[in-house]
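**Q** Here it is, the structure, as structure tokens.
The values are calculated or read from the model by the stated rules, or taken from the named source; none is laboratory data. The model shown is predicted, which means the values in this text are computed figures rather than measured ones. A quick note on method: Cβ atoms are made from the backbone with ideal geometry, for glycine too, and the neighbour counts reach across all protein chains shown. Protein only, heavy atoms only, side chains kept; ligands, DNA and RNA dropped before computing areas. Shrake-Rupley method; radii C 1.70, N 1.55, O 1.52, S 1.80 Å.
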Amino acid sequence: MKDAVTMTGLERRATFSLAAVFGLRMFGMFSILPVLALYARSLPGEVTPFMIGLALGVDGLAQAFLQVPFGLLSDRIGRKRVIYMGLTLFAIGSFVAALAPNIYIIILGRLMQGTGAVASAIIALIADLTREEHRSKSMAVIGMSIGLTFGASMVLGPALSHLIGVPGIFALTGVLALGAMAVVRFVVPDPAVSRVHADAETVPAMVTDVLRNTELQRLNFGIFSLHAALRGLFVVVPLLLVQVGGLDVSKHWEVYLPIMVISFIGSIPAIILAEARGKMKPVFVSAVALLFVSTLSLALLVGNFTGIVASLFGFFLAFNLLEATLPSLVSKIAPSGCKGTAIGVYNSFQFLGLFLGGALGGFLVQHVGDAALFVFAAGLAAAWLMLAISMQPPPAVRTRLFEVGEMSEDRGKELSSALAHVPGVVEAVVIASEGVAYLKVKMAGWDESGALELMKQGK
């Protein structure tokens with residue numbers, strides 16, 4: 001019953017090895033973004049901006065529809081089997097794109113990459129391999145690995161394009177996926193028991209409740225808008241760096257490197273202010289406002305190289321802030337015991353944003369012009385800003401999970417009610433079948449010893 005202070009060796013091994021699996025897969029997905037639009041224009045046949053946008057975004061469509069089914073399938077046939085299957089599909093798609101003679105086969109390869117939607121199965125495996133009190137640490141490591149991989153990909157993608165070409169990047173992506181499979185096989189521990197974890201997995205019965213939650217709907221629209229803007233950005237920006245800035249693709253890293261490093265460092269104080277000082281809403285609203293200003297300025301300064309670079313810095317500063325604060329907001333707002341479902345729905349909106357941002361962004365560029373894409377992104381950001389301003393300030397709470405042992409449904413309800421009356425506990429839910437208590441507690445302090453005593457009596 002007593003919380004362990006440190007993670008065990010097995011928990012650390014599981015966390016960092018699965019973070020490596022995420023990183024190996026994501027590097028291939030991200031490193032293609034800053035170079036695909038330029039490469040596609042060199043392919044035979046007519047290659048339109050819409051086709052380029054579709055190639056950039058189509059993987060998101062597959063992930064949006066398959067990530068939840070893959071997670072549920074992993075409950076039935078095992079986590080690692082689903083991860084192997086997903087990584088195999090991802091690798092095949094990568095090699096198809098590497099050998100593609102035209103844009104149509106690249107689109108097919110990118111779609112196949114998206115069918116390797118293993119994120120939910122990996123998160124479920126982390127939940128199997130870590131104790132409740134340390135799961136948030138593992139998720140934080142995963143989030144950091146994705147963020148660092150994204151930044152590195154923006155810098156290394158253009159350099160790799162110069163050295164091995166875009167087909168070489170696709171081939172490397174396939175090889176990295178095979179390497180990720182080896183990590184899963186030889187490094188990631190096998191779970192003693194796999195079960196559903198409501199804090200980490202989507203529970204179908206809870207989806208309707210999550211979708212009806214208006215505060216979560218604001219966040220779902222936000223992550224959709226953020227990733228639509230991100231994916232649309234790469235339909236146009238690589239071309240602008242060449243046409244307006246006169247930069248060869250091999251030198252695009254000179255733009256991305258300082259932007260990524262400075263925006264990442266610059267976001268840290270704001271994240272600390274939001275989390276540690278209870279200023280989440282002001283920081284969050286400011287980041288959405290910055291997203292609006294930066295996308296609008298890209299539309300207005302589309303022919304000015306200095307303006308483009310300054311606007312990109314603002315965009316990625318806002319992006320880093322929002323990527324860090326949005327999952328935290330989902331955790332604070334989602335009802336206790338529904339966190340995994342809320343995150344699953346949130347991720348589906350994120351992937352849909354990737355698809356729409358690429359496809360619709362390409363369509364706008366083709367039929368209206370480059371600035372139209374940025375106006376579209378600014379419009380989404382403006383709508384999001386209005387929703388963010390009117391949102392309820394998120395409660396200054398954190399989630400705590402405790403193992404209480406399996407019990408009857410009636411006893412679980414009794415314990416939930418008792419825990420809800422403990423000083424400092426904002427919300428309490430006991431999932432009897434999981435033997436876990438999910439508590440939302442005040443950041444300023446709560447009666448942990450009293451809650452532990454109640455859970456001890458409930459065993």
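**Q** Taking the alpha-carbon distance from LYS279 and a cut-off under 18 Å, which lysines remain once sequence neighbours fewer than 8 residues away in the same chain are dropped?
**A** LYS332, LYS442
**Q** Another question, if that's okay. Could you derive backbone 3J(HN,Hα) for segment 399-413 from the dihedral phi with the Karplus parameters 6.51, -1.76 and 1.60 (θ = phi - 60°), listing whole Hz in sequence and x where the residue is Gly or Pro?
**A** 9, 10, 10, 9, 7, 10, x, 5, 8, 5, 4, 5, 5, x, 5
**Q** According to the Cα gyration tensor, what semi-axes, each the square root of 5 times an eigenvalue, does the equivalent ellipsoid of the chain have, listed from largest to smallest in whole Å?
**A** For the chain, the ellipsoid semi-axes come out as 39, 25, 18 Å.
**Q** Then there's this: Could you give the distance between the Cα centres of segment 342-421 and segment 61-111, to the whole Å?
**A** One Cα centre to the other: 24 Å.
**Q** May I pose another question? Report, to the nearest 10°, how far helix 9-31 tilts away from the longest principal axis of the Cα atoms in the chain, using its own Cα long axis and a range of 0 to 90°.
**A** 20
**Q** Roughly what angle does helix 135-186 make with the longest principal axis of the chain, taking Cα atoms, 0 to 90 degrees, to the nearest 10?
**A** 10
**Q** Against the longest principal axis of the chain, how steep is helix 119-129, in degrees 0 to 90 to the nearest 10, with axes from Cα atoms?
**A** Long axis of 119-129 versus the principal axis of the chain: about 30 degrees.
**Q** Tell me, what HN-Hα J-couplings in whole Hz come from the Karplus equation 6.51 cos²θ - 1.76 cosθ + 1.60 at θ = phi - 60° for each residue of segment 231-240, using x for Gly and Pro?
**A** So the Karplus estimates, Gly and Pro as x, are 5, x, 3, 7, 6, 10, 4, x, 5, 5 Hz.
**Q** Return the carbon/sulfur percentage of the accessible area of segment 334-398, one whole number, probe 1.4 Å, all protein chains in place.
**A** It is 73 percent, rounded to a whole number.
**Q** Can you give the accessible area per residue of segment 316-447, in Å², using a 1.4 Å probe?
**A** I get 38 Å² per residue for this part.
**Q** log₁₀ I(q)/I(0) of segment 77-224 at q = 0.15, 0.18 Å⁻¹, via Debye over equal Cα point scatterers, no solvent, to two decimals?
**A** -0.99, -1.23
**Q** Counting Lys and Arg as +1 and Asp and Glu as -1, each charge on the Cβ, what is the dipole of segment 123-271 about the Cα centre in debye, to the nearest 20?
**A** I would put it at about 120 debye.
**Q** Longest segment of the chain with no GluC sites (Glu not before Pro) in a DSSP loop having at most 16 other Cβ atoms within 10 Å?
**A** Maximal segment without exposed cleavage sites: 47-405.
**Q** Rank-order 151-162, 203-214 by packing density, defined as the average count of other C-beta atoms within 10 Å over each peptide's residues, highest first.
**A** 151-162, 203-214
**Q** Here's something else I'd like to know. If packing is taken as the average count of other Cβ atoms within 10 Å, what order do 117-125, 297-305, 63-71 fall into, highest mean first?
**A** My ranking of the peptides, most packed first, is 117-125, 63-71, 297-305.
**Q** Still on this structure, I have one more. Would you work out what percent of the accessible area of segment 192-295, with all protein chains in place, is carbon or sulfur (probe 1.4 Å)?
**A** So the carbon and sulfur contribution to the accessible surface is 66 percent.
**Q** Still on this structure, please answer the following. With contacts defined as alpha carbon pairs under 8 Å and 6 or more residues apart, what's the relative contact order of the chain in percent?
**A** Over the chain, the number comes to 22 percent.
**Q** Given the rule -39500 (n - 2.57) for each run of at least 4 DSSP H residues, summed and divided by the residues of the chain, what is its mean residue ellipticity at 222 nm, to the nearest 500 deg cm²/dmol?
**A** Mean residue ellipticity at 222 nm (helix-derived): -25500 deg cm²/dmol.
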